[in-house]
Amino acid sequence: MATAATRKVSASLTLVASMILAGCSSKPAELKPGEKPVDVATVVKQKMPASVKNRDVWAQSIAKAFESQKLAPTEENVCSVLAVAQQESNYQADPAVPGLSKIAWQEIDRRAQNMHVPVFLVHTALKIKSPNGKTYSERLDTVQTEKQLSAIFDDFIDMVPMGQTLFGSLNPVHTGGPMQVSIAFSQAHEGGYPWKMEGTVRQEVFTLRGGLWFGTYHLLNYPASYTAPLYRFADFNAGWYASRNAAFQNAVSKASGVKLALDGDLIRYDSDNAGKTELAVRKLASKLSMSDSDIHRQLQKGDSQDFESTALYKGVYKLAEAKVGKPLAREMLPGIQLESPKITRNLTTAWFAKRVDERRAKCMALGQK
């Protein structure tokens, strides 16, 4: 329901130099030279507003996430996690979403129309009792949080034939918890989760500890060559390495003369056909001494740090910088418009990243004389 942390942000119901973020090196747990570790739980309690409920639980959950993921226990990393949680939920494990009932009904009606199922049939099916004794309609009319909505869809899909028709096995709630982390991402990275799950990964994301653990993983638990936390915040919203890939797309555009959307998508994930970025790179194939298959194979590494070691990455920057006569950035905020039924303003990934970075800076300043 919130902004999904996928390559292209579309939610239904997220200059090469020394690392600034601890965790930006090849091993996320490494500290910067001269940097001292902090007690994560203590810092969390110091930095969080006194009005936040369950501050001890927040502190212990975040500390456990750092420990189990072997993340650098630095003030900046702690403040980065808190900044995302504040931006996404205002420190609430399962935040209420204004107008969620209306959004849910609209999504159901949209699915019905797309499947050519009469809306009145769907609404009739929703009048039967669900497993908790209330009708699906009653639950939808009073739903307030994404956790509640996700549970409704799970029941609807499992118990009602109409649910399978409209949604198959795909619950349309894609993000959740205090950091609004992608549920698909969480399901793909459950290895090392330190607590015993009582239910599914999806259900665990909606708990305070689960949402914080997976959200922290998505934010910090990958190596990146960024010079500032700002770019990790953009990646949290748009997908790992989106900021680096957007800068690479800019270099491709400079070298090829082809105007590209700097969205961080190097290849198409919805088709085997070449996307605009790949087609633009192919125009440079002879100068790069690469075949189309070589190009595609190396672009596929765009979701890892290894991409920066490829001949393609180095070659494109060499061509682009020779053409423009100056060094080009290796990091850039992706130009992605945020789309969600919850969003009523003109927001972008860049806006999100800058807003979170402002919160991180304020967190870092707390307690300083």
Mind checking which pairs have a first residue in segment 268-295 that is at positive phi and a second that is assigned to a helix (DSSP H, G or I), Cβ under 9 Å, 6 or more apart or different chains?
Ser289/Ala311; Ser289/Gly315
Is there a residue being within 24 Å of the chain's Cα centre (by Cα) and surrounded by fewer than 18 Cβ atoms within 10 Å (Cβ to Cβ) anywhere in segment 132-148?
yes
Helices (runs of 4 or more DSSP H) wholly inside segment 152-242 that include at least 3 residues being more than 17 Å from the chain's Cα centre (by Cα) and more than 30 Å from Lys354 (Cβ to Cβ)
161-167
Looking only at segment 262-269, decide whether some residue is among the hydroxyl-bearing types (Ser, Thr, Tyr) and in a helix (DSSP H, G or I).
no
Kindly indicate whether any position in segment 305-316 is in contact with a Gly (Cβ under 7 Å, 6 or more places away or on another chain) and either of a type in the set (A, V, I, L, M, F, W, C) or closer than 30 Å to Leu100 by Cα (or both).
no
Say we look at segment 45-101 and pick out the residues that are farther than 23 Å from Leu347 by Cα and among the β-branched types (Val, Ile, Thr); which of these is surrounded by the most Cβ atoms within 10 Å (Cβ to Cβ)?
Val78
How many of the residues in segment 300-316 are in a helix (DSSP H, G or I) and over 14 Å from Ala285 (Cβ atoms)?
11
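Here, each number is a calculation from the coordinates, and none is a lab measurement. This is a predicted model, so every value here is computed, not measured. For neighbour counting, all protein chains shown are included, and Cβ atoms are generated from backbone atoms with ideal geometry for every residue, glycine included.
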